[in-house]
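**Student:** The following block contains the structure, expressed as structure tokens.
The values are calculated or read from the model by the stated rules, or taken from the named source; none is laboratory data. Quantities reported herein were computed from a predicted structural model and do not represent experimental measurements. Here Cβ is always computed from backbone atoms with ideal geometry, including for glycine, and neighbour counts include all displayed protein chains. Accessible surface is based on the protein model in full, side chains and every heavy atom, while ligands, DNA and RNA are left aside. Shrake-Rupley method; radii C 1.70, N 1.55, O 1.52, S 1.80 Å.
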Amino acid sequence: MPNLSSPPGVDIEEETDEQLVLKARGGDARAFGTLIERHQKPVAGFLLSLLGNLDLAEEAVQEAFVKAFQSIESFQGRSSFRTWVARIAVNAARSRQRWARLRQWLSLDAPAGEDGESWAARLGDDGADLKRVERRLELERAMTGLSPREHEVAALRLEGYALGEIGAVLGVSEGTVKSTLFTAVHKMKGKLG
């Protein structure tokens, strides 16, 4: 069995995703935990945008990372780990959306969680967080008229994914991503004023 420990003087947080994937394949849960820490926030951000519900987004994030862990052996490295896990997350979100529509569980315009707790209560009293969320909600409202593909592209872009990464996540060309993003931005600008 290969030695999967970090070289002397190298902290696991400083290792590349590729190095961490190799370690995770060897059973190093700490390495996979580091991958989660690195990529959980952007994945959660675009899932919240896609699903429109904090609880559903959190469940989809958890599902995506569990599936990634379970199938880490099948990760071939043709894309980055970030792109691969985002693809898993998008599929998890699409699955949840299908079930939500069928059972009418998801209300995209709900200002609060299913438990009735307001977004402000969930965030706490930090004014900076509230301003960030208000801006995000403005963008979310502007995204309501977008097609599902436009919404996915815009949500991934808002979380900082490169155009090529978005194409890889959604299984389309970078040109398609650019065109879709252009259309989405144009529609959103009209709603934002």
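**Student:** Within the range 33-41, is there a residue that is of a type in the set (S, T, N, Q) and within 12 Å of the chain's Cα centre (by Cα)?
**Tutor:** yes
**Student:** Right, another one. What pairs can you find where one residue is in the range 21-48 and within 15 Å of Ala64 (Cβ to Cβ), the other is open to solvent by 60 Å² or more (accessible area, probe 1.4 Å), and their Cβ atoms are less than 6 Å apart, with a gap of 6+ or different chains?
**Tutor:** Listed pairs, sorted by first residue: Phe32/Phe69.
**Student:** Within the group Val172, Val153, which residue is over 16 Å from the mean Cα position of the chain (by Cα), open to solvent by less than 50 Å² (accessible area, probe 1.4 Å) and modelled with pLDDT of 90 or more?
**Tutor:** Step by step, each of Val172, Val153 is checked, and only Val172 is over 16 Å from the mean Cα position of the chain (by Cα), open to solvent by less than 50 Å² (accessible area, probe 1.4 Å) and modelled with pLDDT of 90 or more.
Conditions tested, residue by residue: (1) under 25 Å from Ser173 (Cβ atoms); (2) at pLDDT below 90; (3) of a type in the set (Ser, Thr, Tyr).
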residue	(1), (2), (3)
Leu51	no, yes, no
Phe65	no, no, no
Gln70	no, no, no
Ile88	yes, no, no
Pro111	no, yes, no
Ala128	no, yes, no
Arg136	no, yes, no
Met143	yes, yes, no
Arg149	yes, no, no
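**Student:** If I ask for residues that are closer than 18 Å to Asn53 by Cα and not in a helix (DSSP H, G or I), which ones from the range 148-193 would you list?
**Tutor:** Across the range 148-193, the qualifying residue is only Glu159.
**Student:** Under the condition of being at pLDDT 90 or above and open to solvent by 70 Å² or more (accessible area, probe 1.4 Å), which residue from the range 1-28 is nearest to the chain's Cα centre (by Cα)?
**Tutor:** This residue is Glu18.
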